[in-house]
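The structure appears below as structure tokens.
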Amino acid sequence: VRDYLFADTITAITPHIDASMAAPVVPYEDVTNLKFNYIGRTNQLMIELDQQASKLHHRNVHVTIRDVEDKNGNVIASFSPQTKEIISELTVYKMVHMLRAVCTGGTGNRMRRTDGIKPDADGFVKTFGLTAQMGGKTGTSNENADGWFMCFTPSLVSGVWVGGEDYQIHFDNMTWGQGAASALPVCGRYLQKVFADPDLGYSQDEQFDIPEWFDPSEGCK
């Protein structure tokens, strides 16, 4: 099983992943060419999912990744950021509004819940008690071969994939195979450590820049 984590600032990830969470070091060109299933049997590049999430993180512009590091902190690729408008500002606000609900009462609610924040008898931490404003989306492919959790805060975009390179390697049930059970805990533990490190500059007090005039129900009547 491999866990790949991406964020808008990739350097924030490396210091906060211990040996049990770290992904094997692979060449950048291999990461960009890996295709995973995120819903049904549709293949999607990991780097493409991160770029899609960045559209919401950066409101209505597309921002490419700047740097990619391996687990040892070595820069394996650097890029010049490029931006362009993709979708309307109103659409972005609506998407942020809907995806925030995923983390408050949907399949990503374990990011906020506190009832399982202490390890159980088997050593599992089931919830993460994060208070930061965030949006998210879980994903599970056919036969539980891939589990996803994409998450964004006002200043950070993160994505987690759990699965096997061979599609025949998969969980045998939804209890453990769904993205909310396989990928979300990796993201939860990682964000706990990111927010706990003052040197990184990420705060749970940050808020999305949503204007007062925004009405989430506009155009839905």
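Please treat every number below as a calculation from the coordinates, not as lab data. Bear in mind that the values here come from a model prediction, so they are computed numbers and not experimental data. Glycine also receives a Cβ, built like all others from the backbone with ideal geometry; neighbour counts cover every protein chain displayed.
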Between the modelled labels at ASP209 and TRP176 (7 Å from Cα along Cα→Cβ) the distance in nm is 4.5
Rounded to 0.05, the calculated FRET efficiency for the beta carbons of GLU218 and THR104 at R₀ = 35 Å is 0.95
With a Förster distance of 41 angstrom and the Cβ-Cβ distance between ILE169 and LYS193, calculated FRET efficiency to the nearest 0.05 equals 0.90
Computed on Cα atoms, the radius of gyration and Dmax of the stretch 63-191 in angstrom are 16.4, 50
Computed about the Cα centre, the charge dipole of the stretch 137-195 from +1 Lys/Arg and -1 Asp/Glu charges at the Cβ has a magnitude in debye, to the nearest 20, of 440
Chymotrypsin sites (Phe, Trp or Tyr not before Pro) in the stretch 175-221 lying in a DSSP loop, each with at most 10 other Cβ atoms within 10 Å of its Cβ, come to TRP213
